[in-house]
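The values are calculated or read from the model by the stated rules, or taken from the named source; none is laboratory data. Predicted model, so just to flag it, every value in this text is computed and none were measured. Note that we place each Cβ from the backbone using ideal geometry, even for glycine, and neighbour counts take in every protein chain shown. Note: areas computed on protein heavy atoms with side chains; ligands, DNA, RNA excluded. Shrake-Rupley method; radii C 1.70, N 1.55, O 1.52, S 1.80 Å.
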Amino acid sequence: MERTDETTTVDAPEGPPLRAIADAVRRERTRRALSLGELARRAGLSKSTLSQLESGAGNPSVETLWALAVALGVPFARLVETPAQPVRVVRFGHAAPLTSESAPFTSALLSACPPGARRDLHLVTGEPGAAREAHAHIPGTVEHMLVTAGRWVAGPEGEQVELGPGDYACFPGDRPHTYTALAAGSAAMLVMEYT
């Protein structure tokens, strides 16, 4: 498949995006005019833990980040998502995991919903054969595809990517795009985001 300069693929496992998390926590704390101590108190954290996190030196658990999101009154994703390119692919097992302190559980944010957006969730299935050609949707539409079975080639014309089980891609849905199943019994979760 052809790859353009605007396509970003996450190719290697990595830990949480610490610098982006540190910047986001500091930005949201400053926006709400909270001191380091006050935010730490509201989130049930020590001031030194929060200070380390804001300096990019901490290794926050998913519980710590949820506590901060609640204390700041923002969606969890606002603290952990990094800016994305128009077409983005996250290969299975290569998303930045956040681990739990209290359970054998990890969470990897694939995409956050921007403010004011609406999302529809679809289960799509396909069999090998002709491509499903989709016309451009309303301006600002973004599609999110998470493959659950089989293999697909999907994306805007000229920027399609091949995806296997567990792979995630997002791409502009306000341009003509296609979906082609490459294996019998192919399936995916498709989220249509409208802004």
### Query
Using beta carbons and a limit of 6 Å, which pairs, at least six apart or on different chains, have the first residue in the stretch 109-131 and on the phi < 0 side of the Ramachandran plot and the second one assigned to a loop (DSSP other than H, G, I, E, B) and among the charged types (D, E, K, R)?
L109/E81; A112/E81
### Query
Which members of the stretch 136-160 meet the condition of being touching a Ser or Thr at 6+ places or on another chain (Cβ under 7 Å), at pLDDT 90 or above and open to solvent by less than 40 Å² (accessible area, probe 1.4 Å)?
H144, A149, G150, W152, V153, A154, E159, Q160
### Summary
Of (1) at pLDDT 75 or above; (2) more than 30 Å from T178 (Cα to Cα), S102 fails just (1)
### Task
Give me a count of the residues in the stretch 116-135 that are open to solvent by less than 50 Å² (accessible area, probe 1.4 Å) and more than 21 Å from the chain's Cα centre (by Cα).
3
### Query
Does L146 satisfy the criteria of being part of a strand (DSSP E or B) and either of a type in the set (V, I, T) or within 16 Å of the chain's Cα centre (by Cα) (or both)?
yes
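Scanning for something free of Cβ contacts under 8 Å to residues at least 12 places away in the same chain and either in a strand (DSSP E or B) or open to solvent by 60 Å² or more (accessible area, probe 1.4 Å) (or both), does the stretch 95-107 turn up at least one residue? Full working, then the answer.
From the stretch 95-107, those free of Cβ contacts under 8 Å to residues at least 12 places away in the same chain are 103-104; that's our starting set.
Then keep just the ones that are either in a strand (DSSP E or B) or open to solvent by 60 Å² or more (accessible area, probe 1.4 Å) (or both); that gives 104.
Yes, the stretch 95-107 contains a residue that is free of Cβ contacts under 8 Å to residues at least 12 places away in the same chain and either in a strand (DSSP E or B) or open to solvent by 60 Å² or more (accessible area, probe 1.4 Å) (or both).
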#### Entry: the stretch 51-63: number of residues that are open to solvent by 20 Å² or more (accessible area, probe 1.4 Å) and either among the hydroxyl-bearing types (S, T, Y) or out of contact with any helix residue (DSSP H, G or I) (no Cβ under 7 Å at 6 or more places or on another chain) (or both)
6
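Take V153 and tell me if it is within 23 Å of H94 (Cβ to Cβ), touching a residue at least 60 places away in the same chain (Cβ under 8 Å), part of a strand (DSSP E or B) and not hydroxyl-bearing (S, T, Y). Walk me through how you get there before you give the answer.
On the way: within 23 Å of H94 (Cβ to Cβ): yes; touching a residue at least 60 places away in the same chain (Cβ under 8 Å): yes; part of a strand (DSSP E or B): yes; not hydroxyl-bearing (S, T, Y): yes.
Yes.
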